Amino acid sequence: MDRIVRIQPMQYIHLLDLNTNVTVLEIGPKSLILQDNHELVEGPLPFVVIPPGHYCVIENPVKQPCEPGKQCDLKHGSREMRFFKEPFPLYPGESIEGARNLAGYKTGIKPLPVIGQNEGLQLTAIMDHIDGDEERNTGDMWQLEGPLTYMPTPFAEIVKRLQPCIIKHGEAIRLRAKQDLIDKKGKERVTSEEWLIRELGAYLPGVYEEVVGVVRAHTLTENKALLMRAKQTCEDALGNERNAGDEWLVTSEDTEFYIPEVSEEVVVEVARTVLSRQEYCIITDPVNSKGRNQLGKRELRKGVTSFFLRPGEDLEGGILKSYILENDEALVLSAVDHFDDYSIKRKPYHFVKMTGFMSGISRVVRAVMGPQSYLLKAYEELWDKELSEEVEDILK
């Protein structure tokens, strides 16, 4: 065996002293004559070269300062990141994570993670450390947002890369807090709280934010509105304060597209009620100017008109047709409540007779005077007046 070891420039060897059982590093250029108590363990091996934009992880790095040819102590179990710099040798006991062996170190050279625009990198701390001005505890998670090049650290590891959510026109994304946090707008959120992000473009959820789904807007037209209900006390999508259980109407006059907040729900889509010239309807529990239902009250509306039924309002009997009277026809009406009939005050069960060529709106009962034949309308039925048996026998 050749006892002369020639070490070229940019090369190194590991030399074992059998007397002391210590392995030392020798670097070139030099020639060494091996003594009887020396044994060549590794080498000659090339220096480790890290190109720009790359890094490697050194396992069990030596404690600095340390010089070639002398015994060096290792930081067993530790890891050290090394980036682009002058080529360097590996001390005895050091190794490169991911490399097959010392000679095949290139398989352990990795490119630096590059985070693009609107992308993110989620990290977790594997030991307590200080990250700039931030104190990180083991298990803490955080993320970095691009564009940037991430310089790995032995105190943290990469969990995953994050892609942004794209918010299109007429859409919003619904988020849920995995734990108590402060969102990107500086608002405090509690665990399981949900909220919407409406701003168009790319949105990168925070490390403790979970995307529940995409919420699409309801399109409102002149003939379609939304009946909304508050599930809890909140501020609606238009900025109005609502109490739990409140109901309100959203029309095209308020907004063209409506995305409900998480604390409100769509009860039903409301179609516009349209009355033609010969139509009318009766609204029960109409809403007053303060937005409150007038319980027990009834309101008459005549065509031509159109409107949306407000929350709590209802059509009594649907849309009704007006009655067209000829010269030889008449209607007998019965009042069902106190009301002013122009200059006349009417009382319940007060009968009124309407004759002549005119149109009228019946409230409850009308009589058709005979003799004549009459075809019942789709919304009419015969009214049976209760009579005693003696009267019925006489009428027969």
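Some points to look at:
- Residue match in the range 213-222 (condition: without any contact (Cβ under 8 Å) to a residue 60 or more places away in the chain, among the hydrophobic types (A, V, I, L, M, F, W, C) and within 30 Å of GLY139 (Cβ to Cβ)): no
- Considering the range 281-304, the residues that are assigned to a strand (DSSP E or B) and out of contact with any Ser or Thr (no Cβ under 9 Å at 6 or more places or on another chain) include one that is surrounded by the most Cβ atoms within 10 Å (Cβ to Cβ), namely ILE283.
- Filter pass, LEU325 being surrounded by fewer than 17 Cβ atoms within 10 Å (Cβ to Cβ), closer than 27 Å to ALA367 by Cα and touching a strand residue (DSSP E or B) at 6+ places or on another chain (Cβ under 8 Å): yes
- Criterion: among the charged types (D, E, K, R), exposed (fewer than 10 other Cβ atoms within 10 Å of the Cβ) and either at pLDDT below 75 or part of a helix (DSSP H, G or I) (or both) - qualifying residue of LYS377, LYS385, LYS345, LYS353: LYS385
- Just so you know, in the range 229-280 the residues that are farther than 21 Å from VAL214 by Cβ, part of a strand (DSSP E or B) and acidic (Asp, Glu) include one that is nearest to the chain's Cα centre (by Cα), and it is GLU235.
- Exactly one residue out of LEU275, LEU315, LEU300, LEU320 is in contact (Cβ under 8 Å) with a residue 60 or more places away in the chain and either out of contact with any helix residue (DSSP H, G or I) (no Cβ under 7 Å at 6 or more places or on another chain) or of a type in the set (A, V, I, L, M) (or both), and it is LEU300.
- Scanning the range 123-149 for residues that are surrounded by 15 or more Cβ atoms within 10 Å (Cβ to Cβ) and among the polar types (S, T, N, Q), we see that the one that is farthest from VAL159 (Cα to Cα) is GLN143.
- Cβ-Cβ distances below 7 Å connect the following pairs, each with a first residue in the range 244-267 that is closer than 21 Å to ARG292 by Cα, a second residue that is buried (at least 17 other Cβ atoms within 10 Å of the Cβ) and among the β-branched types (Val, Ile, Thr), and a separation of six or more residues or different chains: LEU249/VAL270.
- Qualifying residue in the range 163-181 (condition: part of a strand (DSSP E or B), farther than 24 Å from THR219 by Cα and touching a Leu at 6+ places or on another chain (Cβ under 7 Å)): no
- Filter pass, GLU67 being acidic (Asp, Glu) and touching a residue at least 12 places away in the same chain (Cβ under 8 Å): no
- Residue, nearest to LEU200 (Cα to Cα), within the range 238-255, restricted to residues that are in contact with a strand residue (DSSP E or B) (Cβ under 8 Å, 6 or more places away or on another chain) and exposed (fewer than 11 other Cβ atoms within 10 Å of the Cβ): GLU241
- Scanning the range 31-73 for residues that are surrounded by 14 or more Cβ atoms within 10 Å (Cβ to Cβ) and of a type in the set (D, E, K, R), we see that the one that is modelled with the highest pLDDT is GLU59.
The values are calculated or read from the model by the stated rules, or taken from the named source; none is laboratory data. What you see is a predicted model; the values in this text were computed from it and never measured. We place every Cβ from the backbone using ideal geometry, glycine too, and count neighbours over all the protein chains shown.
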